Amino acid sequence: ISQETNPDGSITKTITCPADTDSARYVLQTLGNTATSVTCSKETGKYDKRYLSSCTPVQKFTSKIISRTWTLSGAQPKVCDASLEGTEFSQSVVIAKLSSTSDANCGMPQNVQCLKDSDCTLSDVFCNYDADTSKVTMGGTVTFRSDLNVWTVSEMNALISFGSGNMKFYGCSETWPKPSRRRRDVEVELEIKRNETEEQFVFVMEGEGEREREREEGGGGRRGDSY
């Protein structure tokens, strides 16, 4: 903040933001009662604006947690529940699928844009089933390359986009442990329906002549962003 005494005796204060750095940018925030330069009149002893504007630092995005949540019901397998240990929908197997770099269909590396383009790395992959809500949430953390300048939400969203794909853990090209129970040959598909506030997911199960749909209603995503 600089201060200058004018020829008429008034005093002017001016704010200048710091220079941008590799990890932060500064944006002048100006509201109705603020200005980048304010002048105090000699006659009134008051500034023409009450406050100076502020410099707000904007940090670049370096990582992001990506997650998806589905609601399960009926005969649908309780994905990642302890009761499915040893099957293709067990927690350990689903995490392995999401982390896979060799499966042509399953895995975040085959579906998340920055992973496909080697613009980020994947870590902390998770899958959790909540018996109280019958919801399963899965995902992981992507860390962007240090030389990438990801300053805006739109830039970040482009990097973590799934395009026309999804967080696939079904219909895999490789052989993973299969359920030993009645629904061994179940084919699982996921569809996404968007509304104004969130992504809604349809968990579609096809097998043994049955087709059941469960639509997630209401509730928040994020996310987490979540997203």
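The values are calculated or read from the model by the stated rules, or taken from the named source; none is laboratory data. Bear in mind that the values here come from a model prediction, so they are computed numbers and not experimental data. Please note: Cβ atoms are built from the backbone with ideal geometry, for glycine as well, and neighbour counts cover all protein chains shown. Keep in mind that these areas ignore ligands, DNA and RNA; they rest on the heavy atoms of the full protein, side chains included. Shrake-Rupley method; radii C 1.70, N 1.55, O 1.52, S 1.80 Å.
Closer than 30 Å to THR21 by Cβ, surrounded by fewer than 20 Cβ atoms within 10 Å (Cβ to Cβ) and within 20 Å of the chain's Cα centre (by Cα): does that describe THR141?
The answer is yes for THR141.
Which condition breaks for PHE61 when tested against (1) outside any loop (DSSP other than H, G, I, E, B); (2) of a type in the set (Phe, Trp, Tyr); (3) closer than 27 Å to MET138 by Cβ?
(1)
Return the total of residues in segment 158-187 being under 28 Å from the mean Cα position of the chain (by Cα), at pLDDT 70 or above and either open to solvent by 70 Å² or more (accessible area, probe 1.4 Å) or among the acidic types (Asp, Glu) (or both).
Count: 1.
Given the residues SER102, SER83, SER73, which is the only one that is surrounded by fewer than 20 Cβ atoms within 10 Å (Cβ to Cβ), part of a helix (DSSP H, G or I) and at negative phi?
None of the other options fit; the residue is SER83.
Is at least one residue of segment 122-135 crowded, with 19+ Cβ neighbours inside 10 Å, on the phi > 0 side of the Ramachandran plot and in contact with a helix residue (DSSP H, G or I) (Cβ under 6 Å, 6 or more places away or on another chain)?
Scanning segment 122-135 turns up no residue that is crowded, with 19+ Cβ neighbours inside 10 Å, on the phi > 0 side of the Ramachandran plot and in contact with a helix residue (DSSP H, G or I) (Cβ under 6 Å, 6 or more places away or on another chain).
Quickly run through segment 119-145 and pick out the residues that are of a type in the set (Ser, Thr, Tyr) and either within 17 Å of ILE65 (Cα to Cα) or in contact with a Phe, Trp or Tyr (Cβ under 9 Å, 6 or more places away or on another chain) (or both).
THR121, SER123, THR137, THR141, THR143
Are any of the residues in segment 130-144 part of a strand (DSSP E or B), under 27 Å from VAL79 (Cα atoms) and either acidic (Asp, Glu) or in contact with a Gly (Cβ under 8 Å, 6 or more places away or on another chain) (or both)?
yes
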